[in-house]
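In what follows, a single structure is set out as C-alpha cells and then discussed.
Read the figures in this text as sums done on the coordinates, not as results from a lab. Only a predicted model underlies this, so the values are computations on that prediction, with no experimental measurement involved. Every residue, glycine as well, gets a Cβ built from its backbone with ideal geometry; the counts of neighbours run over all protein chains shown.
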Amino acid sequence: MKKQLSDNDSITQEVVGNAHVENYALKMFLYADNEDRAGRFHK
C-alpha cells in the first residue's frame, strides 16, 4: 500500500502523517465533547 500511495506526503513523511493523525484525533475529541455538553449520548 505504501508503494501505491508513494506520492502522498502523509504516507512518506512521518511529521506530516503525525499532523494528520493529531488533527483527526482533535476533531473526534471536539465532536465527543460537544455531544457530551449537549447531553446527547450514543452507544
Of Met1, Val15, Ala38, farthest towards positive along the dipole that unit charges on Lys, Arg, Asp, Glu beta carbons give the chain: Ala38
Note: Arg37 to Ser6 extended length (0.36 nm per residue) minus current alpha-carbon separation gives 7.1 nm
Taking every alpha carbon pair in the chain and sorting the distances into 10 angstrom bins from 0 up to the bin holding the longest one, the percent per bin comes out as 27, 30, 21, 19, 3
Can you tell me the 0 to 90 degree angle between the C-alpha axis of helix 14-38 and the longest principal axis of the chain, rounded to 10? 10
Quick calc, the chain, dipole around Cα centre from Cβ unit charges on Lys, Arg (+) and Asp, Glu (-), nearest 20 debye, gives 220
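Summing Lys, Arg as +1 and Asp, Glu as -1, what charge do residues with Cβ under 13 Å from the Cβ of Val21 carry, Val21 excluded? Write down the numbers at each step before the final one.
Working: positive: Lys27; negative: Glu14, Glu22.
It works out to a net charge of -1.
Report the trypsin sites (Lys or Arg not before Pro) located in segment 1-41 that are in a DSSP loop and have at most 10 other Cβ atoms inside 10 Å of their Cβ, or state none. Let's see the in-between values first.
Details: sites: Lys2, Lys3, Lys27, Arg37, Arg40; in loops: Lys2, Lys3, Arg40.
The qualifying sites are Lys2, Lys3, Arg40.
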What value, in deg cm²/dmol to 500, does the helix sum -39500 (n - 2.57) over DSSP H runs of n ≥ 4 give at 222 nm once divided by the residues of the chain? -22000 deg cm²/dmol
